[in-house]
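The values are calculated or read from the model by the stated rules, or taken from the named source; none is laboratory data. Everything quoted here is computed from the prediction, not taken from an experiment. Neighbour counts run over all protein chains shown; Cβ positions are idealised from the backbone, glycine included.
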């Protein structure tokens, strides 16, 4: 279970943070990036993304997909979590 303080820092509920750690996108995660849930879930599952979601991750489409392939599923989840945390 994700610590409540970490979930709060990501501006997620503990349930949504737990879902993300377990590879399931939620509406609140998608809303944080301003994209549909399916875009987040697709990136988590396969590394395939859209230009908009790649931009929200701070990359160009090709770079996001290449990195997604290299990271694997757990790494993609970590990347998303990292982007949800404040700098």
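Quickly run through segment 61-79 and pick out the residues that are surrounded by fewer than 17 Cβ atoms within 10 Å (Cβ to Cβ) and touching a helix residue (DSSP H, G or I) at 6+ places or on another chain (Cβ under 6 Å).
Matches in segment 61-79: 61 only.
Which of the numbered conditions does residue 29 fail, given that it passes all the others? Conditions: (1) surrounded by 16 or more Cβ atoms within 10 Å (Cβ to Cβ); (2) assigned to a loop (DSSP other than H, G, I, E, B); (3) within 11 Å of the chain's Cα centre (by Cα).
The one condition residue 29 does not meet is (2).
Residue by residue through segment 5-26, note down the ones that are assigned to a loop (DSSP other than H, G, I, E, B) and surrounded by fewer than 20 Cβ atoms within 10 Å (Cβ to Cβ). So that I can check it myself, show each step before the final result.
So in segment 5-26, the residues assigned to a loop (DSSP other than H, G, I, E, B) come out as 10-13, 22-26.
Result: 11, 13, 22, 23, 24, 26.
Of the conditions (1) in contact with a helix residue (DSSP H, G or I) (Cβ under 7 Å, 6 or more places away or on another chain); (2) modelled with pLDDT of 95 or more, residue 41 fails just one. Which one is it?
The failed condition is (1).
Which condition number in (1) without any contact (Cβ under 8 Å) to a residue 12 or more places away in the chain; (2) within 11 Å of the chain's Cα centre (by Cα); (3) not in a helix (DSSP H, G or I) is the one that residue 59 fails?
Among (1) without any contact (Cβ under 8 Å) to a residue 12 or more places away in the chain; (2) within 11 Å of the chain's Cα centre (by Cα); (3) not in a helix (DSSP H, G or I), the lone unmet condition for residue 59 is (2).
With respect to residue 2, is the statement that it is in a loop (DSSP other than H, G, I, E, B), free of Cβ contacts under 8 Å to residues at least 24 places away in the same chain and over 13 Å from the mean Cα position of the chain (by Cα) true?
Values: in a loop (DSSP other than H, G, I, E, B): yes; free of Cβ contacts under 8 Å to residues at least 24 places away in the same chain: yes; over 13 Å from the mean Cα position of the chain (by Cα): yes.
Against the criterion (in a loop (DSSP other than H, G, I, E, B), free of Cβ contacts under 8 Å to residues at least 24 places away in the same chain and over 13 Å from the mean Cα position of the chain (by Cα)), residue 2 qualifies.
Across segment 69-87, what is the total count of residues that are part of a helix (DSSP H, G or I) and either in contact (Cβ under 8 Å) with a residue 40 or more places away in the chain or within 11 Å of the chain's Cα centre (by Cα) (or both)?
Quick first cut of segment 69-87, residues part of a helix (DSSP H, G or I) only: 69-84.
Checking the rest, the ones that are also either in contact (Cβ under 8 Å) with a residue 40 or more places away in the chain or within 11 Å of the chain's Cα centre (by Cα) (or both) come to 73-84.
Residues meeting the conditions: 12.
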